[in-house]
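Each remark here refers to the structure printed beneath this line.
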């Protein structure tokens, strides 16, 4: 399972998830951290273990509770001395900060907007479309097949709250979105409204070998045709999917013209816009049910979540091949190609 913000979760988060879900304690577990690509990388590792004959059934995915990430008193280990102690935001330091340039990932988004001449208006329009598509997907029941309701304790004597819908969609207001101030620099174009939101979430899929699927009589939804990683300068992580996606398509033995639908993680609206432009992806093939800008971006989860959503798109739109791509801090990206199988 992918997971980025592991501080204060206790040992081996993937193991906790597996045993908490009722898997036998004989099942080995591994937690994967490739920042925002963690959930997808976990799926890739699972696929590789099956291809190598090491395993024949693997559960893989990602999970993140950004709201539970603690703040650190970094100097306390060595003893607190005279003067003020400083609290370090664990979410910011370990999940959202470029350590190489010592700035927020949002500054990389600003750099991307400048380099690719993507305006504030374009980013806001994309964010509005993402929300409209997300709302339409919920209203039409497009997400119903992939959602597992989660009960959240609400305090002593109170019944648990059942969460079965992405909450950020209810807050969408296109008028307010257009009036938001830039978040990362005064003259910038990246705002809270055209960026992904801080979120909690999880996603998982079951991978099996073809032989095992036949032996168990399983109905296979799709197969993984190919996958790839790519990397460039850390501050250019935003456009790394434009490198990993063609590599994944090539590894699948396919041509770009054969790809029916794409999911590119919307860490920022400018990320999806830049990669869409670089790869020449039509709008009606990209993120048809919205994306992280509207649905949220639990960083260790999103790489797996977009795979699940892509499966839904292929099923609903009767597509055959789909590609999911996600950028990650440090300049990297991962991508994976799916082929929908017949009923």
Pairs of Cα atoms farther than 25 Å apart, region 101-250, %: 54
Most exposed to least, judged by fewest other Cβ atoms within 10 Å, 50, 221 sort to 221, 50
For region 72-141, the percent of all C-alpha pairs falling in each 10 Å bin, from 0 up to the bin holding the max distance, is 16, 24, 27, 18, 12, 3
Rg and Dmax of region 1-80, Cα atoms, in Å? 15.1, 52
Quote the FRET efficiency, to the nearest 0.05, computed for residue 8 versus residue 185 with a Förster distance R0 of 35 Å and r equal to the Cβ-Cβ distance. 0.65
Remind me, relative contact order of region 207-273 in percent, using alpha carbon pairs under 8 angstrom and six or more residues apart? 25
Where does the chain land at 222 nm, in deg cm²/dmol rounded to the nearest 500, when only DSSP H runs of n ≥ 4 count, each adding -39500 (n - 2.57), divided by all residues? -10000 deg cm²/dmol
Expressed as a rounded percentage, what relative contact order does region 63-160 have, with Cα pairs under 8 Å and six or more residues apart? 13
Run through all the Cα pairs of the chain and give the fraction in each 10 Å bin from 0, expressed as whole percent. 6, 25, 35, 24, 9, 2, 0
Would you compute the Debye intensity of region 18-138 from its alpha-carbon atoms alone, equal scatterers and no solvent, and pass along log10 I(q)/I(0) at q = 0.17, 0.19 Å⁻¹ to two decimals? -1.12, -1.16
Taking 44, 341 and counting other beta carbon atoms within 10 angstrom, the fewest-first order is 341, 44
How large is the Rg to Rh ratio of region 230-285 when both quantities use alpha carbon positions and Rh follows Kirkwood? 0.96
Whole-percent tail of the Cα-Cα distance distribution for region 8-47, cut at 12 Å, equals 61
Note the direction-averaged projected area, equal to a quarter of the hull surface, for the Cα convex hull of region 303-343, in nm². 2.8
From the Cα centre of region 37-85 to that of region 301-329, the distance in Å is 22
So for the pair residue 256, residue 116, with labels modelled 7 Å out along Cα→Cβ, what separation do we get in nm? 1.3
Note on the chain: contact order normalised by length, alpha-carbon pairs under 8 Å, 6 or more apart, percent, works out to 27
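Readers should treat all values here as calculations from the given coordinates under stated rules, not as data from a laboratory. What you see is a predicted model; the values in this text were computed from it and never measured. Heads up, the Cβs are rebuilt from the backbone with ideal geometry, glycines too, and the neighbour counts pull from every protein chain shown.
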